[in-house]
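Bear in mind that the values in this text are calculations on the coordinates, not laboratory data. From a predicted model like this one, the values you see are computed outputs, not experimental measurements. Glycine also receives a Cβ, built like all others from the backbone with ideal geometry; neighbour counts cover every protein chain displayed.
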Amino acid sequence: MNRQEAKNIYAQAKTKSDLRGLALGDLFFLLRHVLNRPDADNDWIYDRCREVQASPDGHLDLWAREHYKSTIITFALTIQNILNNPEITVGIFSHTRPIAKAFLNQIKREFECNPLLLDLFPDVLWEAGAKKAPRWSEDGGIVVRRKTNPKEATVEAWGLVDGQPTGKHFDLMIYDDVVTKESVTTPDMIRKVTDSWALSLNLGSQGGQVRYIGTRYHINDTYAEIMRRQAAKPRLHAATLDGTVDGPPALMIREKLTEKRRQMGPYIFACQMLQNPVADAVMGFKEAWLRSTAGQPKADGLNVYLLVDPASAKKKDSDYSVFAVVGLGPDLNYYLLDAVRDRLNLTERAKTLFRLHRRWRPIAVGYEHYGMQADIEHMQAEMERRNYRFAITALGGPMPKPDRIRRLVPIFEQGRFWTPNRLPYVDIEGQTRDFVQEFIEDEYLTFPVAAHDDMLDAIARIVEPDLKATFPMEEEEERRSPQRLSTFAATRAA
């Protein structure tokens, strides 16, 4: 049934019973005509109402900004659920409690001030401004006319990161705007929101339902983790019908969409309006550039270098320490031979450094100097104690980390960086991890908006001038191949 056919049915509704029946069974009718939202009288919004009503629960609804997702789901559908079942208990959760209270307040005002709604549902809603309601506030929640007396209000509002309730169990959990601009500023904040969401799941009731409504802010945000854990089925609606920047607009006029793209910039527009938080192809790395080798990595014929990007401390919210062993081959390719990514203290970093050095006998060790001063005295003491010595080259400079990493783009683009299919290692907690998988999924494919970029940064040090890394060249081949020498020189200059 399209919107015009629905209008014909609406026009035939004359009695209070007819209007009540439509409000209970037709989400679009409730929104447009009972909740008095003429701005929602639109084919695209009509289709979304039908879609949501057909399958309301268990979805992660990621829609473009200003495309009525909260209006349809958190506002109108919640009201319809309450009208159909006054005994229901609903918990609205947002990033912070004030955000959730705004959703609750919108429902509260509608129950107080909408004369048609009050007239159609006197058995559910309180008359006289809800003065007789046992609870009717943003802090305490609101309680409609119901026969049971659970400790939970009909609707309550809570924040994920600023004080979740305890001892409550809601029939319906609504997560709206749990990810905000402030919640993706650091990897630690992203992790905090994700952990808070996981903890909040204990507040649902057995057999209860869950709904997620939001928009993307970061490729590794909590919504990404919800999808990875298959906690909900994604339902995406971009601002364009085909999800591309220049596709036909879904709801907004072209001029407004163009203006938003100009004001937001390409990345924010991709997140907020296209629900596709990926980096611009020119700025990042492509999956097609990846090259891999079979079997165990070997150093035969390679010039081997050990690169270290240390973290400052061993604690849960610190960055990782990364050790990367990279070999340069006579074919002018780069080979990842060994690597470790872990949260290590100073003693553990020293142990890892000496172990990798003994195994691979690198020509040089490059150590990021930002963390080197805290480590170098300990490393020198270890060299004396172990009677095992090697030089460490400090690698630093004023170049920003993203720019350092982008120096790898042409190397990968030319298919000159090779990784093993797998590179397993055991972390400090005894867990077996695969460096290659984590490198590709956590950093390579998500740069420059990855939650971490330690692995890329460590590997990028291979082209640092101070390291003086060179490719092996046989003397005979050098004499016979001037063209190869010129290619080699041009590659090093680049």
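Assuming 0.36 nm per residue, please report the length gained on full extension of the stretch K233 to D162 beyond their Cα-Cα distance. Mind showing how you got there, number by number?
Values: separation 71, 0.36 × 71 = 25.56 nm, distance 2.68 nm.
Length gained, K233 through D162: 22.9 nm.
Of all DSSP beta bridges in the chain, what percent run antiparallel (nearest 5)?
Values: 22 of 58 bridges.
Antiparallel bridges make up about 40 percent of those DSSP assigns within the chain.
Go through L201, A339, V322 and say which Cα lies farthest out towards the positive end of the charge dipole of the chain; charges sit on Cβ, +1 for Lys and Arg, -1 for Asp and Glu.
Going by the charge dipole, the pick is L201.
Setting aside same-chain residues fewer than 8 positions from K16, which aspartates and glutamates have a Cα under 16 Å from its Cα?
Partners found: D26, D119, D123.
For D442, D331, what's the fewest-to-most ordering of other Cβ within 10 Å of each Cβ? Can you show the working numbers first?
Values: D442 20, D331 12.
Lowest count first: D331, D442.
Below 15 angstrom from the Cβ of R50, what's the summed charge of the other residues (Lys, Arg +1; Asp, Glu -1)? Please list the in-between numbers first.
Numbers: positive: R3, K7, R32, R48, K69, R235; negative: E5, D26, D41, D43, D47, E51, D61.
Net charge around R50: -1.
Quick one: of K69/K101; K192/K351; K192/K260; K108/K131, which pairs are farther than 20 Å apart, Cα to Cα? Don't skip to the end; give the middle numbers.
On the way: K69/K101 17 Å; K192/K351 31 Å; K192/K260 30 Å; K108/K131 12 Å.
Over 20 Å apart, Cα to Cα: K192/K351; K192/K260.
Placing +1 at every Lys and Arg Cβ and -1 at every Asp and Glu Cβ, with all other atoms neutral, what dipole size does region 287-488 have around its Cα centre, in debye to the nearest 20?
Working: 28 positive and 33 negative charges, 96 e Å.
The dipole magnitude comes to about 460 debye.
Going by how many other Cβ atoms sit within 10 Å of their own, how do D403, D41, D176, D171 line up, fewest first?
Values: D403 11, D41 14, D176 23, D171 20.
In increasing order of surrounding Cβ atoms, one gets D403, D41, D171, D176.
With +1 assigned to the C-beta of every Lys and Arg and -1 to the C-beta of every Asp and Glu, and no other charges, what is the dipole magnitude of region 126-190 about the Cα centre in debye, to the nearest 20?
On the way: 9 positive and 11 negative charges, 127 e Å.
It comes to approximately 600 debye.
Straight distance only, please: which lysines reach the Cα of K468 with their own Cα at less than 23 Å, same-chain residues fewer than 8 apart left out?
Output for K468: K298, K401.
Treat the count of other C-beta atoms within 10 Å as a stand-in for reagent exposure and order C271, C49, C113 from fewest to most. Don't skip to the answer; put the middle values down first.
On the way: C271 23, C49 26, C113 10.
The order, fewest Cβ neighbours first, is C113, C271, C49.
Please determine, in degrees from 0 to 90 and to the nearest 10, the orientation of helix 43-54 with respect to the longest principal axis defined by the Cα atoms of the chain, where the helix direction is its Cα long axis.
It is inclined by approximately 90 degrees.
Round to the nearest 0.05 the FRET efficiency obtained for T15 and E127 when R0 = 25 Å and r is the Cβ-Cβ distance.
Numbers: r = 21 Å, r/R0 = 0.84.
Once the sixth-power term is evaluated, E becomes 0.75.
Among L445, I363, L274, which residue has its Cα furthest toward the positive end of the charge dipole of the chain, with +1 on Lys/Arg Cβ and -1 on Asp/Glu Cβ?
L274
Roughly what % antiparallel, to the nearest 5, for the DSSP beta bridges in region 287-488? Let's see the in-between values first.
Working: 18 of 31 bridges.
Beta bridges within region 287-488, antiparallel portion: roughly 60 percent.
Once you have the Kirkwood Rh of region 287-488 from its Cα pairs, apply Stokes-Einstein at 20 °C and 1.002 mPa s and quote D in µm²/s. Please list the in-between numbers first.
Details: Rh = 17.6 Å.
Here the translational diffusion coefficient equals 122 µm²/s.
Enumerate by residue number the GluC sites (Glu not before Pro) in region 33-111 meeting two conditions: DSSP loop (anything except H, G, I, E, B), and at most 15 other Cβ atoms within 10 Å of the site's Cβ. Walk me through the numbers before you get to the answer.
Values: sites: E51, E66, E87, E110; in loops: E66, E87.
Hits after loop and neighbour filter: E66, E87.
Please tell me which of these pairs span more than 32 angstrom C-alpha to C-alpha: K233/K256; K14/K147; K147/K233?
Details: K233/K256 30 Å; K14/K147 30 Å; K147/K233 34 Å.
Among K233/K256; K14/K147; K147/K233, the Cα-Cα distance tops 32 Å for K147/K233.
Set Lys and Arg Cβ to +1 and Asp and Glu Cβ to -1, take the dipole of the chain about its Cα centre, and tell me which of I219, L31, T185 lies farthest positive.
Checked the options; the winner is L31.
Go ahead and run the numbers for FRET between I268 and D41, Cβ-Cβ distance against an R0 of 30 Å, rounding to 0.05.
Details: r = 30 Å, r/R0 = 0.99.
Efficiency, rounded to the nearest 0.05: 0.50.
Relative contact order of region 287-488, please, whole-number percent, based on alpha carbon pairs below 8 angstrom and at least 6 residues apart.
On the way: 327 pairs, mean separation 57.8, N = 202.
Relative contact order here is 29 percent.
Would you work out the charge dipole size for the chain about its Cα centre, treating the Cβ of every Lys and Arg as +1 and the Cβ of every Asp and Glu as -1, and quote it to the nearest 20 debye?
Values: 67 positive and 68 negative charges, 122 e Å.
The dipole of the chain has a size of about 580 debye.
Could you work out the Kirkwood radius for the chain, taking every pair of different alpha carbons, averaging 1/r and inverting it, reported in Å? Each step should come with its number before you reach the end.
Numbers: mean 1/r = 0.0378 Å⁻¹.
Every distinct Cα pair counted, the radius reaches 26.5 Å.
Once each part is reduced to its C-alpha centroid, what is the distance from region 120-162 to region 338-403 in angstrom?
Region 120-162 and region 338-403 have Cα centres separated by 61 Å.
As an exercise, use a Förster radius of 56 Å and the Cβ-Cβ distance of Q4 and L332 to find the FRET efficiency, rounded to the nearest 0.05. It would help to have the intermediate numbers written out before the result.
On the way: r = 66 Å, r/R0 = 1.18.
It comes out at approximately 0.25.
Could you give the angle, 0 to 90 degrees to the nearest 10, between helix 97-113's Cα long axis and the longest principal axis of the Cα atoms of the chain?
Once rounded, one gets 20 degrees.
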